[in-house]
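Let me begin by presenting the structure, written as structure tokens, before commenting on it.
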Amino acid sequence: MQTGVLRVMRATAASWWRHKELRRTGQLELARRLERKTVLRDLVHLRQAATLPNAHVICGEGGTFIHLGWTTVSTLAPIERFPLAALAAARGTPFIDLRPVTDVIAFATLPRVTRDGSLDPEHSGAGKCVSLTTYIDMVEALGAKIANDPRPRRST
């Protein structure tokens, strides 16, 4: 793991209001222990974002979400104020920026990204799941911006 990534994660953990309050009240050891626990948890999420085939980061008007198969990490803040999501995107996890999408109805009716990588071709309807690349095709058609696109390059 890069030193810069660890610095960001440590600074983020130390800046959390609860950890700052523990330091202010003199409970330094407890604050350090909780900060280490936070960094280790975030490292697990960052590693999963880098290795899981359908892991992706989504940012929309409702906040930012890191989808890691059966786990989702989220905040109401934009990606610019969610260091873990920004780190995941910076390290190559596909990033879908939904903020430019204006057709909320069309977006709301899109299927979900499959959680475990398997597809059920007979499953359809509201709970339908599609691959990450198919989902990216769909949201891009609605105006979303894609970074770290996992789709194969198309020749023109």
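The values are calculated or read from the model by the stated rules, or taken from the named source; none is laboratory data. Quick caveat, the model's predicted, so the values are computed rather than measured. Every residue, glycine among them, receives a Cβ derived from its backbone with ideal geometry; neighbour counts consider all protein chains shown. Ligands, DNA and RNA are excluded from the accessible area calculation, which covers all protein heavy atoms including side chains. Shrake-Rupley method; radii C 1.70, N 1.55, O 1.52, S 1.80 Å.
Restricting attention to the stretch 4-41, the residues that are open to solvent by 40 Å² or more (accessible area, probe 1.4 Å) and more than 26 Å from the chain's Cα centre (by Cα) total 9. Just so you know, in the stretch 69-99 the residues that are of a type outside the set (Phe, Trp, Tyr), in contact with a Gly (Cβ under 9 Å, 6 or more places away or on another chain) and part of a loop (DSSP other than H, G, I, E, B) include one that is surrounded by the fewest Cβ atoms within 10 Å (Cβ to Cβ), and it is LEU76. The C-beta contact set for the stretch 141-152 (first residue without any contact (Cβ under 8 Å) to a residue 40 or more places away in the chain, second residue open to solvent by less than 70 Å² (accessible area, probe 1.4 Å), distance under 7 angstrom, 6+ apart or interchain) comprises ARG151/THR133; ARG151/ILE136. Which residue pairs have Cβ atoms closer than 7 Å, lie 6 or more positions apart in sequence or on different chains, and pair a first residue in the stretch 47-70 that is without any contact (Cβ under 8 Å) to a residue 60 or more places away in the chain and under 15 Å from PHE95 (Cβ atoms) with a second residue that is part of a loop (DSSP other than H, G, I, E, B) and among the hydroxyl-bearing types (Ser, Thr, Tyr)? Filtered contacts from the stretch 47-70: ALA49/THR93; ALA50/THR93; ALA55/THR93; VAL57/THR93. Scanning the stretch 123-156 for residues being modelled with pLDDT of 85 or more and of a type in the set (D, E, K, R) gives a total of 5. Close contacts from the stretch 92-103, counting a first residue that is closer than 10 Å to ASN148 by Cβ and touching a residue at least 24 places away in the same chain (Cβ under 8 Å) and a second that is assigned to a loop (DSSP other than H, G, I, E, B) and open to solvent by less than 30 Å² (accessible area, probe 1.4 Å), with Cβ to Cβ under 7 Å and a gap of 6+ residues or different chains, come to THR93/ALA55; ILE96/ALA144.
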